[in-house]
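Peer 1: This is the structure, below, for whatever I ask next.
The values are calculated or read from the model by the stated rules, or taken from the named source; none is laboratory data. Computed from a prediction, not measured in an experiment: that's the story for all the values here. Using ideal geometry, Cβ is built from the backbone for each residue, glycine included, and neighbour counts are taken over all protein chains shown. Heads up: the accessible areas ignore ligands, DNA and RNA and are worked out on the full protein's heavy atoms, side chains in. Shrake-Rupley method; radii C 1.70, N 1.55, O 1.52, S 1.80 Å.
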Amino acid sequence: MRKMLLAALSRVLQGPAAAAGRTASRVVVASRNYADFANEATFEIKTCDLHRLEEGPPTTALMTREEGLHYYKTMQTIRRMELKSDQLYKQKIIRGFCHLYDGQEACCVGLEAAIKPTDHVITAYRAHGFTYARGVPVREILAELTGRKGGCVKGKGGSMHMYTKNFYGGNGIVGAQVPLGAGIALACKYFGKNEVCLTLYGDGAANQGQIFETYNMAALWKLPCIFICENNRYGMGTSVERAAASTDYYKRGDFIPGLRVSTRWPVYCLKRLLVFTGWDRVKLQTLCVIFPLPKGPILMELQTYRYHGHSMSDPGISYRTREEIQEVRSKSDPITLLKDRMVNNNLASIEELKEIDVAVRKEIEEAAQFATTDPEPPLEELGNHIYYNEPPFEVRGPNQWIRYKSVS
């Protein structure tokens, strides 16, 4: 009995040292494995469908390990943020309209990777992913969704109206952001800035008349505008085949050159494709026989897919089957595609990506805690920020007998 007690005591005393030894061993192994990772890898890109372009993008793309880890973490953060938004909405903490972006993460991440912070982006109401990609922290996005003063627009915009520097929302009126995007591009050209505006809309908005008017002006004035149709196959609950006589959205610009790509391909492909469509196409050694000048608009169609319904009020399975959604998830998920290619090409390990997953979940939970405890904006701020840099004026509030002073 005495020997058994001494043996047990010995194991207890040796426990911390042994554990430390095992931890040190894991650190050494991890360090050695990380050092053995490849710095970059080259991948093949499928040929794009082209319209009025003699030459398409390159058929290979180079991705560095650093780029891949950044893409993975960003897409995973957006995915987890949207799933948390779904949970908060079902708990009735988020109210009103809420359009989630999970499934389409490669679009915003790939596009953002190809442009500069000084370039401009405007999109429709499915805007959470672009808001994060443009640099707004998760806590400010979730706080905006819950209507708190710590939100990116002080709790006044909600799901559809989020903004930050060089990001113009989040627009609720279907298709109305497209002429606004052309206006931003016109300002870039007018002030002689070497900048471009990405103007995004969905397949449901693609039949809007104002979009075709905008195409015409952009082509005439050769605006630095990239029109991007995010075709997720369903406008609300209507499939593209039932809504459009022609689903070749990349050809809709007529004299504007276009190309169609699938963001079911990994995100790095989209980055390279957008670089191809860049404003200085002569520098990128691409040809466009339509325009006598090297600069002008171009149209991209991104074939993608949303996992949630059109909005949180739409279960998303009355006009498509659960089997269809599951098939896309299993074969074409943008995060899984990137993960598999990184692991198979020795750019990362499963364990390293799991560590990123854990860190992302922790960040999302902390952001949700902030978004549910931060106070709501006070009623006296109702009239603030209606106009920028204008003299204060009286604003009538919910009670018509109470008036507030606006603040720029």
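Peer 1: Taking only protein heavy atoms and a 1.4 Å probe, what accessible area per residue, in Å², does the stretch 40-377 have with all protein chains in place?
Peer 2: Value returned for the stretch 40-377: 43 Å² of accessible area per residue.
Peer 1: While we're on this one: Among K339, K354, K84, K156, what's the order by accessible area (1.4 angstrom probe), most exposed first?
Peer 2: Sorted descending by solvent-accessible area, the residues read K354, K156, K339, K84.
Peer 1: What ranking do 201-212, 249-260 get when scored by the average of other Cβ atoms within 10 Å per residue, highest first?
Peer 2: Top of the packing list down: 249-260, 201-212.
Peer 1: Still on this model: I'd like the carbon and sulfur percentage of the solvent accessible area for the stretch 40-377, probe radius 1.4 Å, heavy atoms only, ligands and nucleic acids excluded.
Peer 2: Carbon with sulfur: 52 percent of the solvent-accessible area.
Peer 1: A follow-up question, please. Report the accessible area of T372, computed with a 1.4 Å probe over the heavy atoms of all protein chains in place, in Å² rounded to the nearest 10.
Peer 2: About 50 Å², rounded to the nearest 10.
Peer 1: Additional query: If you count only protein heavy atoms and use a 1.4 Å probe, how large is the accessible surface of M236, to the nearest 10 Å²?
Peer 2: 120 Å²
Peer 1: Here's another thing I want to ask about it. Working with all protein chains in place, sort V174, V136 by solvent-accessible area computed with a 1.4 Å probe, largest first.
Peer 2: In descending accessible area the options line up as V174, V136.
Peer 1: In terms of the ratio Rg/(2.2 N^0.38 Å) built on C-alpha atoms, what value belongs to the stretch 133-191? Write down the numbers at each step before the final one.
Peer 2: Details: Rg = 13.0 Å, N = 59, 2.2 N^0.38 = 10.4 Å.
Its radius of gyration relative to the 2.2 N^0.38 Å reference: 1.26.
Peer 1: At 1.4 Å probe size, put Y307, Y387 in order of accessible surface, largest to smallest. Let's see the in-between values first.
Peer 2: Values: Y307 15, Y387 135 Å².
Of Y307, Y387, the descending order of accessible area is Y387, Y307.
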